[in-house]
1. I need ASP344, ASP136, ASP102 ordered by Cβ neighbour count within 10 Å, fewest first.
2. To the nearest 0.05, how large is the calculated FRET efficiency for LEU295 and GLU361 if R₀ is 30 Å and r is the Cβ-Cβ distance?
3. Using only alpha carbon pairs under 8 Å that are at least six residues apart, calculate the relative contact order of region 74-189 and give it in whole percent.
4. Taking K and R as +1 and D and E as -1, what net charge do the other residues with C-beta under 15 Å from the C-beta of GLY137 add up to?
5. Find out how many positive minus negative residues lie around PRO282, taking Lys and Arg as positive, Asp and Glu as negative, among other residues whose Cβ is under 11 Å from that of PRO282.
6. Measure off 7 Å from each Cα along the Cα-to-Cβ vector at ALA195 and LEU325, then give the distance between these two points in nanometres to one decimal.
7. Once the piece of chain linking ARG83 and LYS207 is laid out straight, how much longer is it, given 0.36 nm per residue of separation minus the C-alpha distance between them?
8. Mean separation of Cα pairs under 8 Å and 6+ residues apart, divided by the residue count of region 176-268: what relative contact order is that in percent?
Amino acid sequence: MEFDITWMLLGLPIAFALGWLASRLDLRQLRIENRQAPKAYFKGLNHLLNEQQDQAIDAFIEAVQKDPDTSELHFALGNLFRRRGEYERAVRVHEHLLSRADLAKSDRERAQHALSLDFLKAGLLDRAEDALRKLDGTRFQEQAWLTLLAIYERSREWPQAAETAQRLQQSGHGDFASRLAHYLCEQAATALVRAKDPASARTLLQKAINDAPQAARPRIQLAALLAGQGDQAGAFELLESVQKYAPQALPLVAAELLRTAQASGQNQRALALLTQSHEEFPSLDVAEAIVQAELAAGTPAEEARQWYIRHMQQEPSLIAAARWLAHEPFAHEQAHPTVQQSLDHAARPLARYRCAACGFEAQAYFWQCPGCQAWDSFPPRRIEEL
């Protein structure tokens, strides 16, 4: 049978025409889908900019349904759920992304990080910790370590916090020496209060002093421990060393320094140190300690109280004025209690401490702010002196 080339010549144009027609239909369908997906996406974006989160979520869900392979839409949707507090839905979105075998490595890392934030916002700290640990070796590693550090501090897991801080320091992310000293102090407080183990507490505090000589807290805390055990001389020497290593913190221990000095018979030594400190860094607490030291040494009250005047000459102070006037005679003595009460009432808010990071105010001094959780954010000066 001979091959008839005529049929081949007739078939080629027909096959070409059919192929062209099929491609046109595919392109048309693709254009329709591409127009629909961006339209839904931009519709959601518009709602988001107008703070209409419910409508934005509906639009993004529609966009995801039209193009389920688009990871960016999943991320946008998951972030919206998290912002609205719908953490379970946010977790499902990000876990769905992680389950995709075709997801790029960068998107997988991003999804893992987003999932850890979902757990963290939901208060599921254990699951957040597990998710964050999976980010080791990724571009989110340092962010994960910082978040883990915050989790450990929040849950007061000080050994784990110390390990994480050391990793951050070794990676060049910052100097965590002072914070590591705080962790040792926290562990020492736990050993002393809960475990009733002063030996372990003393070892931890000594290590903190050795690791961070400029940190005031370990010296102050160890001095309190020694004083509680009856070693007033050892406590005084530690508090005296604060003037050398952390002079700005001396006002915090001025009263205790004087007490331990009197208990160990070193009142004059303490008085000389306090006087020197006040000359270099005038402080209301130091001035008050000097007044008490002078009175204890037998100095007449009128002469000892002149330190309030000296302090006000260097730094105007309503608190110092109120304390000086408390023992001054009035021409109308019957009005003295009323005037003194008014002065004390006006001065009381000025005697607080204030966090430099968030403005939280407190009567007591905190090494970690109860408001913003920042370390060493309270200046060791009263509000009046700032």
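1. Numbers: ASP344 16, ASP136 11, ASP102 7.
By the 10 Å Cβ count, ascending: ASP102, ASP136, ASP344.
2. Values: r = 31 Å, r/R0 = 1.02.
The calculated FRET efficiency here is 0.45.
3. Numbers: 112 pairs, mean separation 18.0, N = 116.
The normalised contact order for region 74-189 reaches 16 percent.
4. Values: positive: LYS105, ARG108, ARG110, ARG133, LYS134, ARG139, ARG167; negative: GLU109, ASP136, GLU142.
Once positives and negatives cancel, what remains is +4.
5. Working: positive: ARG310, ARG381; negative: GLU279, GLU280, ASP285, GLU315, GLU385.
Summing Lys/Arg as +1 and Asp/Glu as -1 gives -3.
6. 5.3
7. Working: separation 124, 0.36 × 124 = 44.64 nm, distance 4.31 nm.
Value of the extension gain: 40.3 nm.
8. Reported relative contact order: 22 percent.
Laboratory data are not the source of any read-out in this text; all were calculated from the coordinates shown. The structure displayed is predicted, hence computed values, not measured ones. Backbone-built Cβ (ideal geometry, glycine too); neighbour counts: all protein chains shown.
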